[in-house]
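The values are calculated or read from the model by the stated rules, or taken from the named source; none is laboratory data. What you see is a predicted model, and the numbers here were worked out from it, not measured in a lab. Here the Cβ positions follow ideal geometry from the backbone for every residue, glycine too, while neighbour counts run over all protein chains shown. Only protein heavy atoms, including side chains, enter the accessible area calculation; ligands, DNA and RNA are left aside. Shrake-Rupley method; radii C 1.70, N 1.55, O 1.52, S 1.80 Å.
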Amino acid sequence: MSIEALRLHSLEIPLVRPFRTSFGTQTVRDVVLVEAIDSDGRHGWGECVTMAWPGYNAEYTAGAVAVIERYLAPIVLGQDWDPERLRSKLDVIRGNELAKASVATAVLDAWLQSREQSLGDYLGAVRDHVDCGVSVGIPTSETIAELLEEVGGYVDAGYRRIKLKIEPGWDLEPVAAVRELWPSIPLQVDANQAYTREHAHHLARLDEFDLLLIEQPLGEDDWWGHRIVAEACATPICLDESILSLESAEAAIEFKAASNINIKPGRVGGFVQAKEIHDLCLSREIPVWCGGMLETGVGRAANIALAALPGFTLPGDTSASNRYYAEDVTKPFVLDNGTLPVPTGPGIGIAPIPENLTAMRVDLIELMATR
Ligand code: SMG
Ligand code: MG
């Protein structure tokens with residue numbers, strides 16, 4: 001089965017509420033879904049998890065589309081691939097992991113369908129449901145009351161852990177308020193790089209709230225700073241943005257810059273790489289969890305398969321579709337006692353609903369193999 005066409009579907013999907021982090025506020029998800037069509041007529045899907053602007057990852061959506069069109073599609077089209085060979089081939093392009101992951105996943109989905117194997121089975125899933133956490137933005141009103149109202153909704157929905165976004169000026173007080181109302185809920189925070197090394201002792205004041213972890217307090221390349229923060233805090237430090245490869249995961253562990261890791265398949269170039277990082281962490285007894293990028297059902301389905309691997313011992317940002325979307329492009333993932341089911345169908349086990357895809361689509365680019 002060779003890949004005959006790649007279609008890039010650009011969608012705009014409104015969020016149910018604004019999502020504010022230390023680096024910006026989103027109200028709409030601009031997302032590109034990659035569809036790979038093989039010579040037997042199978043359709044594989046992958047989600048490009050870039051944001052519309054390069055304020056979080058260096059990659060951004062329009063740039064990723066250009067990279068796919070100019071560099072990745074010419075590599076992929078007209079050829080037959082297995083996941084490992086495709087991964088090494090795409091590695092000739094530097095960086096651009098989010099773009100590469102989207103194409104690699106679409107091809108992987110079609111390849112798995114041809115073998116009638118699910119992604120979970122291929123990766124080595126050991127669970128049929130995964131525990132779900134939810135990421136809670138900084139309220140646009142910047143009031144504790146709004147935060148508690150939002151967290152209360154998620155606790156009532158059954159989420160198994162809460163993650164609060166923090167930044168300087170929005171940290172001790174909101175965390176204290178949530179901890180006071182829910183003394184035993186698993187709770188963690190994510191700073192998205194908003195602090196500096198000088199904040200190490202300030203961050204240590206979070207120790208009293210019995211958090212699971214503090215995620216990415218400092219800049220993504222500040223390994224030494226993360227080590228300083230890790231030594232100052234009793235709460236485990238987790239890295240997200242810093243982990244771009246197997247090698248950076250190993251550096252984080254050996255350097256004691258982090259004691260657990262958020263794995264996002266997009267950030268590391270795809271599921272083959274994500275599994276390698278998982279395997280390394282499992283062998284070093286470093287707990288991992290699956291991050292989120294406000295995925296539609298396409299990216300969510302694949303993330304849930306990954307989160308079913310044995311080393312994913314902490315609940316991930318694998319929330320239900322309605323956390324972000326009133327209507328998803330796929331059949332929605334609905335929370336079941338704080339968990340989501342691992343898809344069992346061939347490949348990623350899900351595909352966009354054609355009418356939803358058309359209704360949400362703002363652009364379509366079709367790239368064909370040339371003979
Ligand atoms: O999918 O629930 C989700 C998003 C979870 O907080 C989340 N992701 O740094 O972990 C993170 C952020 C990155 C995306 S914010 C634009
Ligand atoms: Mg994060």
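Restricting Ser102, Ser135 to residues that are within 16 Å of ligand 1 (Cβ to nearest atom), within 22 Å of Gln193 (Cβ to Cβ) and at pLDDT 95 or above narrows the list to Ser135.
Pairs under 6 Å by beta carbon, first residue closer than 10 Å to Ala200 by Cβ and at pLDDT below 95 in the range 226-248, partner more than 14 Å from ligand 1 (Cβ to nearest atom) and open to solvent by less than 10 Å² (accessible area, probe 1.4 Å), six or more apart or different chains? Listed by first residue and then by second, the contacts come to nothing, as the list is empty.
When the test is whether a residue is crowded, with 23+ Cβ neighbours inside 10 Å and over 25 Å from Ser242 (Cβ atoms), Ala351 does not pass it.
If I filter the range 42-65 for residues that are in contact with a helix residue (DSSP H, G or I) (Cβ under 7 Å, 6 or more places away or on another chain), farther than 22 Å from Ala302 by Cα and not assigned by TED's automatic domain parsing to the domain that holds Arg267, do I get at least one hit? No: the range 42-65 contains no residue that is in contact with a helix residue (DSSP H, G or I) (Cβ under 7 Å, 6 or more places away or on another chain), farther than 22 Å from Ala302 by Cα and not assigned by TED's automatic domain parsing to the domain that holds Arg267. Residues in the range 221-247 that are open to solvent by less than 20 Å² (accessible area, probe 1.4 Å), within 16 Å of ligand 2 (Cβ to nearest atom) and over 17 Å from Cys290 (Cα atoms): His226, Val229, Thr235. Among all residues of the range 136-145, there is at least one that is of a type outside the set (A, V, I, L, M, F, W, C), within 15 Å of ligand 2 (Cβ to nearest atom) and in the same structural domain as Leu294 (by TED's automatic domain parsing). Tyr56 falls short on exactly one of the conditions (1) in contact with a Pro (Cβ under 6 Å, 6 or more places away or on another chain); (2) surrounded by fewer than 21 Cβ atoms within 10 Å (Cβ to Cβ), and that condition is (1). Within the option set Asp207, Asp240, Asp222, being more than 30 Å from Val329 (Cβ to Cβ) and either within 16 Å of ligand 1 (Cβ to nearest atom) or in contact with a Phe, Trp or Tyr (Cβ under 7 Å, 6 or more places away or on another chain) (or both) holds for one residue only, Asp222. Checked against the criterion of being under 28 Å from Ile237 (Cβ atoms) and among the β-branched types (Val, Ile, Thr), the candidates Val298, Val288 yield just one match: Val288.
Okay, residues lined up against (1) surrounded by fewer than 24 Cβ atoms within 10 Å (Cβ to Cβ); (2) over 18 Å from the mean Cα position of the chain (by Cα); (3) of a type in the set (Val, Ile, Thr):
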| site | (1), (2), (3) |
| --- | --- |
| Leu98 | no, no, no |
| Val107 | no, yes, yes |
| Gln117 | yes, yes, no |
| Gly124 | yes, yes, no |
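Residues satisfying the criterion are absent from the range 185-193 (criterion: within 30 Å of Tyr122 (Cα to Cα), away from ligand 2 (no atom under 13 Å from the Cβ) and surrounded by 16 or more Cβ atoms within 10 Å (Cβ to Cβ)). Within the range 291-312, how many residues turn out to be within 16 Å of the chain's Cα centre (by Cα) and either within 15 Å of ligand 2 (Cβ to nearest atom) or farther than 21 Å from Met51 by Cβ (or both)? Of the residues in the range 291-312, 12 are within 16 Å of the chain's Cα centre (by Cα) and either within 15 Å of ligand 2 (Cβ to nearest atom) or farther than 21 Å from Met51 by Cβ (or both). Got at least one residue in the range 254-272 being outside the structural domain of Val34 (by TED's automatic domain parsing), on the phi > 0 side of the Ramachandran plot and surrounded by 23 or more Cβ atoms within 10 Å (Cβ to Cβ)? Checking the range 254-272: at least one residue is outside the structural domain of Val34 (by TED's automatic domain parsing), on the phi > 0 side of the Ramachandran plot and surrounded by 23 or more Cβ atoms within 10 Å (Cβ to Cβ). Within the range 280-339, being part of a helix (DSSP H, G or I) and open to solvent by 20 Å² or more (accessible area, probe 1.4 Å) holds for Leu280, Leu282, Ser283, Asn322.
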